[in-house]
1. Residue separation times 0.36 nm, minus the C-alpha to C-alpha distance between Phe304 and Ala221: what's the value?
2. So for Arg98, Arg279, fewest C-beta neighbours within 10 Å to most, what's the order?
3. Could you sort the peptides 103-111, 53-61, 243-251 by per-residue average Cβ neighbour count (10 Å cutoff), highest mean leading?
4. By per-residue mean of other Cβ atoms within 10 Å, what is the highest-first order of 296-303, 125-132, 145-152?
5. If one computes the Cα centroid of region 201-261 and of region 150-188, what distance in Å separates the two points?
6. Multiply the residue gap between Trp208 and Leu329 by 0.36 nm, knock off their C-alpha separation, and tell me the result in nm, one decimal place.
7. How far, in nm, would the chain grow between Thr140 and Gln165 when pulled straight, counting 0.36 nm per residue and subtracting the alpha carbon separation?
8. Taking only the C-alpha atoms, wrap a convex hull around region 159-209 and report its volume per residue in Å³ as a whole number.
Amino acid sequence: MATTTVVQEQASGMNSRTKWLIAGGGLVIAAIALNLYFFGPTGTTAVFAATLRQSTPLILGALCGLIGERSGVINIGIEGQMLMAAFLAFLANVYIGRMLPLGLTLPIAVLVGVATGALLGLFLAWMSVTLKMDQIIGGTVINTLALGLTSYFYVTGLTTQGKLQSISLGPLADIPYLGPILFSNPPITYLTIILVFVVQFALFRTVWGLRTRSIGEHPSAADTVGINVNRMRYLNVTLAGAFAGLAGAYLTLEAVGSFERGMTNGRGFIALAVMIFGRWTPLGAWGAALLFAFFTAFATQTQFTGLVSIPPQFVGMSPYVLTIVFLALFGGRARGPAAAGQVYDPE
């Protein structure tokens with residue numbers, strides 16, 4: 001009887017994966033056909049290249065959220081972590097760039113952004129684990145603090161020596177269509193793709209991943225077998241913050257090259273929707289991030305080419321409309337880690 005149940009569950013899981021693969025393949029084919037019809041080969045390449053790059057902060061934010069929730073800590077402060085990291089990374093680029101060459105300044109500025117996100121993650125862990133504060137309130141504190149501090153200390157007129165440039169991977173970048181999309185990108189974009197697979201492997205194939213998932217599902221059972229639940233939550237939420245910090249550094253050091261008030265523009269909250277749509281898995285979240293980024297890139301390219309007269313406000317609101325639609329369609333059936341949001345008090 002038990003064997004039959006296991007076989008049925010495995011078959012159900014295989015059927016589910018098959019359906020997702022078929023749906024994903026269908027979306028890719030439809031996206032390619034749609035772009036070729038409207039924009040031709042050159043425009044299609046531009047749309048998919050923009051899709052990959054615009055998905056970078058979303059997937060990094062989603063990795064931050066899913067590592068936290070897999071550990072039992074809900075993080076809605078991703079927006080604030082990204083914003084503060086973007087601001088301090090930009091300031092590091094400005095002031096360190098006055099003393100060091102650009103080749104040294106930019107890596108240091110990236111590290112400043114990553115460290116900022118990690119410190120805010122540590123702050124969230126302190127509020128959630130030590131103070132036992134409601135985790136939603138803790139994330140709101142970070143968002144409010146980041147918005148206020150960056151708006152108050154922001155100074156107009158600051159200039160930098162430059163930003164991170166695209167790196168072409170030799171002959172791979174010359175492959176028609178695929179080369180400019182996959183093999184000619186700035187370094188943080190490459191690093192993000194690598195991190196997706198690293199976190200996917202670590203979460204489901206290592207001891208750390210097993211312990212992380214156990215403290216997010218059943219912390220008391222994890223404590224029984226000797227896992228220090230609260231210490232691991234501290235470490236994981238701090239690590240997760242580093243991903244949000246890298247997303248913030250991407251915005252000011254790779255995507256734009258400058259800082260503006262509120263420049264994250266809700267990406268941290270979209271990252272949470274990406275995490276839910278991706279079922280709290282790195283590969284699933286990456287697919288969801290690419291889907292969100294594609295619609296934005298497609299709308300922008302449509303406006304740029306003048307094929308359709310779309311007010312810029314509609315282009316700007318499209319990611320948020322998609323967030324509402326996808327959460328309404330899929331969010332209700334998604335089940336997150338059982339202990340997410342729950343304070344664990346070892347007896």
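Any read-out appearing in this document is the output of simple, stated calculations on the displayed coordinates, not a laboratory observation. Since we're looking at a predicted model, the values are computed, not measured. Neighbour counts are summed over all protein chains in view; Cβ atoms, including those assigned to glycine, are modelled from backbone coordinates with ideal geometry.
1. Values: separation 83, 0.36 × 83 = 29.88 nm, distance 5.54 nm.
Once the chain is fully extended between Phe304 and Ala221, it gains 24.3 nm.
2. Details: Arg98 9, Arg279 18.
With the sparsest Cβ surroundings first, the list reads Arg98, Arg279.
3. 243-251, 53-61, 103-111
4. Working: 296-303: 19.6, 125-132: 17.9, 145-152: 16.0.
Result, highest mean first: 296-303, 125-132, 145-152.
5. Result: 26 Å between the Cα centres.
6. Details: separation 121, 0.36 × 121 = 43.56 nm, distance 3.26 nm.
Difference between extended and current length: 40.3 nm.
7. My answer for the length gained is 5.6 nm.
8. Details: hull volume 6.0 nm³, N = 51.
Normalising the Cα hull of region 159-209 by residue number yields 118 Å³.
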